[in-house]
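As structure tokens, the structure follows; a few thoughts come after it.
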Amino acid sequence: MRQLFRCVGAAILAVALSATAFAQPGASVAPVSGVTQGRPFEVAYQGPLGPGDQIRVAWVGSPADDYVTAAAIALDGAPVSLTAPVELGLYELRYWEAETGLVLARLPLILAPLVPTLDAPERVAQGGAIVVAWTADPRIAGQIELADPNKPLAPPLAIAQVVRTEPTVTLIAPIDPGRYEIRFIREEQTFAEARIRGSDADRVLARRAIDVTSAVATLAIVGDPVAGAGLTVEWTGPGAPEDQIRLATPEMTPYEFIDARLVGAAAPVTFAGPLPAGSYELRYWSAALWEVVGTTPVTLAEPSATLDAPGEVAGGATVTIAWDGPANIGDRIAISVVDAPADFVLAVARVSFGGVPVRLGAPVQAGTYELRYLAADGAVIARRPIAVTAADASIAPPGTVEAGSAFTVAWSGPAGPFDELRITLPAGPDDEPFTATRVTAGVAATLVAPDRPGTYLIRYWSASSATAIASAPLEVVCANCAPAEPTPDVEELRP
């Protein structure tokens, strides 16, 4: 057996001695140092820089075409980046020429083993989450544990299996404050179903201390808390996955709450509105301790808003309303009848987060109405009166037009949102026009005459009241048609 070991050792030595620098004229690979297994490194070189040429990492003594990893050379000769093999062994760097398939230069490559490391915070609150970053030979199977530094490996207080593709693991701190130890433990090896343990020191690849402190949490409201809106809360605390920020009333026990949000990542949590005005309490609930570790009072004030608009507007006209208010999702501005219920509206529009003024169509009927700011829950938080005068509209009769032709019409009116000029039958409803066009303030409207001759009406249709507020006759003729017939019945011409 001793003779066999000598032969094997001699063979390994012979291979190692063969891994010497070699280069054809005009080709070379620059020495590199400090290369760690599985880690990237850069290689400088010289050579013909032909298309397809590569810098390769290969086993010492392997054929010219064999390699473990490779990178195409840069046509300008710039250094290339390679990743070192994971497996330790005898390697060499090669300049490989694509045209000939020859190795033009070679140089030994020495790999340093990757030293396992652990990176974690110096301290964590009791019951908090500990995010541990690790590095090690990816072929090593093992786990990261949290333990008492004065006790053997088993049993740990917390454990997480390492996964090659995940550079971190998360452990949950114990509830007892004190000094603990994070350990990177190599998996026990077995042979023929029998354990080969070695010492505990052999299995601990890396370790670091961590202090577990008493859990303390802080809670802070983002912005000014107002009833009817949501509530956003900044927090600090243990940050364990099952910890919660809870909303309660002051008289509730530590185990009672109105609503709760998991803390998740270190980011604000938001309680959705609407919430009524009153006194509340925010609480940080530690799932590990099963108790509240931080509180702060919060008072939700009654919301307020202002409305700025003309005191008087013509019936059917557009009203521009400037406003200031909570601007919560679901908030609206409406025109309503004085003393009508909050949910009764004649016209309504949602407010925007940017405070853009709202445009509404005034009612057609003259009278005193009310502008209202409605919160998302339907409460009226601001109101002001607005007087509406009688709607004033007119249409200049265009006289006679040819059937099917386009013609322009002069008009006046409120020019409210979605107002139209419509061509209808004299006795027909104004919501079934032959043709219609939207009006624009100060611009003559263009209409298309019906295809059949006869007597019709042009009506000004107010969208805010869904009714016609002015009309003028229209005579449609057809020069190339048969003699005109009497205007058909309404039912006959209805579209």
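Backbone amide hydrogens, once placed in the peptide plane, bring V439 within less than 5 Å of D419, E420, L421, excluding anything fewer than 5 places away on its chain.
Hey, what D do you get for the stretch 280-360 in µm²/s if you plug the Kirkwood alpha-carbon radius into Stokes-Einstein at 20 °C and 1.002 mPa s? Stokes-Einstein gives a translational diffusion coefficient of 133 µm²/s. The C-alpha atoms of the chain define a longest principal axis, and helix 2-18 lies at about 60 degrees to it.
Of the GluC sites (Glu not before Pro) found in the stretch 18-100, those in coil by DSSP whose Cβ has at most 16 other Cβ atoms within 10 Å are E87, E99. Per-residue Cβ neighbour counts within 10 Å put T232, T446 in the sequence T446, T232, beginning with the fewest. Legend: translational diffusion of the stretch 394-493 by Stokes-Einstein, Rh = Kirkwood radius over C-alpha pairs, 20 °C, 1.002 mPa s; D = 157 µm²/s.
Neighbour counts of other Cβ atoms within 10 Å put S405, S336 in the fewest-to-most order S405, S336. Taking amide H atoms as placed 1.01 Å from N in the peptide plane, the amide H of G38 lies under 5 Å from those of A84, V86, each 5 or more residues away in sequence or on another chain. For the chain, a crude dipole built from +1 on the beta carbon of Lys and Arg and -1 on the beta carbon of Asp and Glu, taken about the Cα centre, is about 2000 debye to the nearest 20.
Please report how far the C-alpha centroid of the stretch 320-349 lies from that of the stretch 51-83, rounded to the nearest whole angstrom. Computed from Cα coordinates, the inter-centre distance equals 72 Å.
Charge dipole of the stretch 394-493 (Cα centre as origin; +1 on each Lys and Arg Cβ, -1 on each Asp and Glu Cβ, all else neutral): 400 debye, rounded to the nearest 20. Spin-label model, L49/R123: points 7 Å from Cα along the beta carbon direction are separated by 5.8 nm.
Hull volume per residue, based on the alpha-carbon atoms of the chain and their convex hull, is 340 Å³. The reciprocal of the average 1/r between distinct C-alpha atoms defines the Kirkwood hydrodynamic radius, which for the stretch 117-213 equals 13.8 Å. Rounded if a/c is under 1.5, else prolate if a/b beats b/c, else oblate: with a ≥ b ≥ c from the C-alpha gyration tensor eigenvalues square-rooted, which is the stretch 219-300? The shape class here is oblate. Between the stretch 366-414 and the stretch 97-161, the alpha-carbon centres lie 74 Å apart. Converting phi to 3J(HN,Hα) with the Karplus coefficients 6.51, -1.76 and 1.60 and the offset θ = phi - 60°, the stretch 437-453 yields 8, 6, 9, 10, 3, x, 10, 5, 8, 10, 10, 10, 5, x, 6, 9, x Hz in sequence order, with x at every glycine or proline.
Please state the shape class of the stretch 358-416: rounded when a/c is under 1.5, otherwise prolate if a/b exceeds b/c and oblate if not, all from the C-alpha gyration tensor. Here the stretch 358-416 falls in the prolate category. Its Kirkwood hydrodynamic radius, worked out from the mean inverse distance over all distinct Cα pairs, puts the stretch 239-378 at 18.1 Å. Ordered by the number of other Cβ atoms lying within 10 Å of each residue's own Cβ, fewest first, E302, E181, E145 fall into the sequence E302, E181, E145.
What the phi angles of the stretch 219-235 give under the Karplus curve with 6.51, -1.76 and 1.60, with θ = phi - 60°, is a coupling list of 9, 9, 7, 8, x, 9, x, 10, 4, x, 10, x, 9, 9, 10, 7, 8 Hz, glycine and proline written as x. Global dimensions of the stretch 51-168 from alpha-carbon coordinates: Rg and Dmax equal 21.3, 66 Å.
Each reported figure results from applying straightforward, stated rules to the coordinates on display, with no laboratory input. As the structure is a computational prediction, the values presented were derived from the model and not from experiment. Because the Cβ atoms are built from the backbone with ideal geometry, glycine has one as well, and the counts that use them run over all protein chains shown.
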